[in-house]
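The block underneath contains the structure these notes are about, expressed in C-alpha cells.
Read the figures in this text as sums done on the coordinates, not as results from a lab. Worth saying up front: this structure is predicted, and the values here are computed from it rather than measured. Cβ atoms come from the backbone with ideal geometry, glycine included; neighbour counts cover every protein chain shown.
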Amino acid sequence: MAMKVDNDNKIDLKPRIVTHNLTKNYGKLCAVNQINLTVGNEIFGLVGPNGSGKTTTVKMLTTLLDPSSGTAEICGFDIKKNSRKVRESISYVPQDLAVDVRLTGRENVMMFAELYGVSTPAEKTDEALKVLDLFDRADEFTKVYSGGMRRRLELAQALVHNPDVLFLDEPTVGLDVAARKKIWEHIKVLRKKGMAVFVTTHYMDEADRYCDRVAIIDRGVIKAIDTPDNLKSAISQDIISVSITGLFNGIDVPGVRFAFHEDDDLIFYAEHGDSALPLVKDALTDAGIHVDAMSVRKPSLDDVFLHLVGNVEDSSPFNLSTFRNVTGRRG
Amino acid sequence: MNPILVYCRRDLIRWFRGKWGFLSSMVMPAAWLVFVGLALPIRFTDDYIDFVTPGILAMTTLSASLAGGGLLIMDRMLGFFNKFLALPPPRESILFGKILVITIRGIIQSTVILIFAFLLGARLYSPTQLLGTYFILFVFGALLSAAATTVAIYLDDHDQYAAVNAMISMPLFFTSSAMMPYDQMPDWLSPIAHLNPLSYAIDGIRILQTGVFPLTQIALLSVLCVAVNGLAVYAFRKVKI
C-alpha cells in the first residue's frame, strides 16, 4: 500500500476503518457493491459522481443504514454488532447543512457535547469553537452565520468529543472558493492531530490536492484506490489534447497512446508530452488530418476518473436530496 | 444530562425564541373562552365558564400536540435527524425528547389558558384539584403528542401532516364532552362522545372539582398513553433514513 509519509506527520497504519464486501441493495438496484477498504490515520477521499454510492457507503459506516451483506469495523468495532461503540468513536457531518438557526453557535456545539456525554461540555465546546475560528462569534445566533461558518460550526460539533474517525459527506458543497479552502485546511489540521478523516466529494481537484489517498467509486463499485499521484502517473506522465479537422483513424507514435475522443478533441496519453507533441502533429498531418490546436498538460484526477469509467453521462435517476444544497430547496 | 432532556431543551428554546409558534396555539382556546365561555346563552348551568374551562384546557392540549407532531418530520427534512442518529445515545431518546417537549408545551399553554379562565371569573381550583388537573393534562398530553408524532411519521410529509391536522382537530373537539354534558347531547352524539379520549380528560378534570378522584378516566388515559407511545416507538424505528 503506497502512502504519502511526511517526516512531521507520520501516517498511523493501524486501520481505523476496514470494510469486508460491504454491500447495499435497494430492491434490484445495487447502490454499493462489495466494497473492501482499509483506512488508517489519513485523509481518505471517496470520490465519484452524484449517485455513485458515496453517501450510502458513509451511512452504512456511520450505522445509519444496515448493509445488505458484508460488514465493516470502525476502530475494531463491528458496525452491525457493536453500533453504539462505533457511534462513540466517530463523528458524522452529513451533506445537508443543519445547524439550529435560533440557537447561538455555542449552544449548537454545547448540545452535541452533552449528547456525546463528554465530561466537561462547556470547556470542550470552547475548545472546539476556538479550533474552528468561531470563538469570537460564538454567542451570535447562527442565523447570521455564512454557509462556510455554518459548515465550520458543524465541524466544531463533530470535534467536541475528540472522535477517532470523522466522516464528512461532501463537506464543501455549495461553499465559495475561500470557504472551501478553509474547510480543507481545518481537515488537514485534524489529521495531524491524529484523527482519521473519511471524506466524500465529487470535486476531483479537491480530492487531488488534500486527500492522502482516494478511492474512485462509480455505480457502487470501487475502481481504484491509491494516492492521487500514483493514480495519475498510472495512466500516463502527460496528456496531449489535439483539436482536429478530419477523420481520425489512429496513428502510430512510440510512447503515445490514443485515449478517447472528448467532444471534437482527441486525447492521447504520452510518456514525454513535450517531445511527443511534434511527432503527434507530424503523424496526424501524414494521415491527412488538419491540426487546429494542441496542448500538453499533466493528468488530473478527472482524467483518471474518465480513464477508469469512460466518458459516460450520469443516467441515474435524479435524486432531489443530492441537490438540496445546490438549489437551496428543502424536502 | 439525560439525552431526552437535551433534545427536549433544544426544542423548547427554539419554540420560545420563535414567538409566533408560542402564541398561535393559544389564540384559539383564548377566543373560545371569551366568546363561548362568556357569551353563549346556555340554560343548563349558570356558570358556563366553569363548565367549559376543562374542555378548553383539553382543546389547548390538543392544539399544542397537533402543532408539535410535525417537529420530528421537520428534523428529518432539514437534516438534523441523520446527525442525531449517528450520536451515541439510544435513538429512541430522539422520539421521547419530542413527546416530552410537545407535552411540556401543552402544559405551559394550558397554564396560561387556566389563568386566563380564572381572570374571566371561573371558580378557582384548590391545590389538590390543580395537582390532579396537571396530572391529567400531562398523561393526556403525552398520549396526544405520541399520537400526533406517529401520524406525522406515517405521513412523512409536512404538508400532508398539516392537512390531516386541520381535518381532525375540529371534529375531535366537537365530538367530546367539551361543550355540553352527556345528558344535554343529541342521542347520536352521546355514544361517540363516550368513546372520545378528549372526553376522558375533560370528564376527569370536571370530576376532580366535585371532590372525587376520577380513577376510571385516569386509568383509561394511562393505558391509552402507554399503548400509543408503544405505537410511536414502532413507527419511529421504521423511519426512512
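Quick look at the values:
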item	result
Unmet requirement for B:Leu85, which otherwise passes all of (1) away from every other protein chain (no Cβ under 14 Å); (2) of a type outside the set (S, T, N, Q); (3) touching a Lys or Arg at 6+ places or on another chain (Cβ under 8 Å)	(1)
Among the residues listed as A:Ile43, A:Ile74, the single one being closer than 15 Å to B:Leu87 by Cβ, more than 11 Å from chain B (Cβ to nearest Cβ) and hydrophobic (A, V, I, L, M, F, W, C)	A:Ile74
So B:Arg206, is it in contact with a helix residue (DSSP H, G or I) (Cβ under 8 Å, 6 or more places away or on another chain) and assigned to a helix (DSSP H, G or I)	yes
First in region A:115-136 and in contact (Cβ under 8 Å) with a residue 40 or more places away in the chain and within 14 Å of A:Leu155 (Cβ to Cβ), second anywhere and aliphatic (A, V, I, L, M) and buried (at least 18 other Cβ atoms within 10 Å of the Cβ), Cβ under 6 Å, 6 or more apart	A:Leu132/A:Leu155; A:Leu132/A:Ala156
Subset of region A:83-118 that is more than 12 Å from chain B (Cβ to nearest Cβ) and of a type outside the set (A, V, I, L, M, F, W, C) - its residue that is nearest to A:Gly148 (Cα to Cα)	A:Gly105
Any hit, region B:20-41, residues being within 22 Å of B:Tyr154 (Cβ to Cβ) and either of a type in the set (A, V, I, L, M, F, W, C) or in contact with a helix residue (DSSP H, G or I) (Cβ under 7 Å, 6 or more places away or on another chain) (or both)	no
Enumeration of residues in region A:151-189 that are surrounded by fewer than 20 Cβ atoms within 10 Å (Cβ to Cβ) and over 22 Å from A:Asp205 (Cβ atoms)	A:Asn162, A:Asp164
Qualifying residue in region A:232-240 (condition: part of a loop (DSSP other than H, G, I, E, B) and either of a type in the set (S, T, N, Q) or surrounded by fewer than 22 Cβ atoms within 10 Å (Cβ to Cβ) (or both))	yes
Residue within region B:103-116 that is within 14 Å of another protein chain (Cβ to nearest Cβ), part of a helix (DSSP H, G or I) and not acidic (Asp, Glu) present	no
Where a residue in region B:1-19 is in contact (Cβ under 8 Å) with a residue 12 or more places away in the chain and its partner, wherever it lies, is of a type in the set (Ser, Thr, Tyr) and surrounded by 17 or more Cβ atoms within 10 Å (Cβ to Cβ), with Cβ under 7 Å and at least six apart	B:Pro3/B:Ser93; B:Ile4/B:Ser93; B:Tyr7/B:Ser93
Counted residues, region B:224-241 - those being under 19 Å from B:Leu71 (Cα atoms), in a helix (DSSP H, G or I) and of a type in the set (A, V, I, L, M)	5
A:Ala259 being under 36 Å from the mean Cα position of the chain (by Cα) and not in a strand (DSSP E or B)	no
Selected residue (criterion: farthest from the other protein chains (Cβ to nearest Cβ)) from residues of region B:1-10 that are surrounded by fewer than 21 Cβ atoms within 10 Å (Cβ to Cβ) and within 20 Å of the chain's Cα centre (by Cα)	B:Ile4
Any hit, region B:38-48, residues being touching a residue at least 24 places away in the same chain (Cβ under 8 Å) and crowded, with 21+ Cβ neighbours inside 10 Å	no
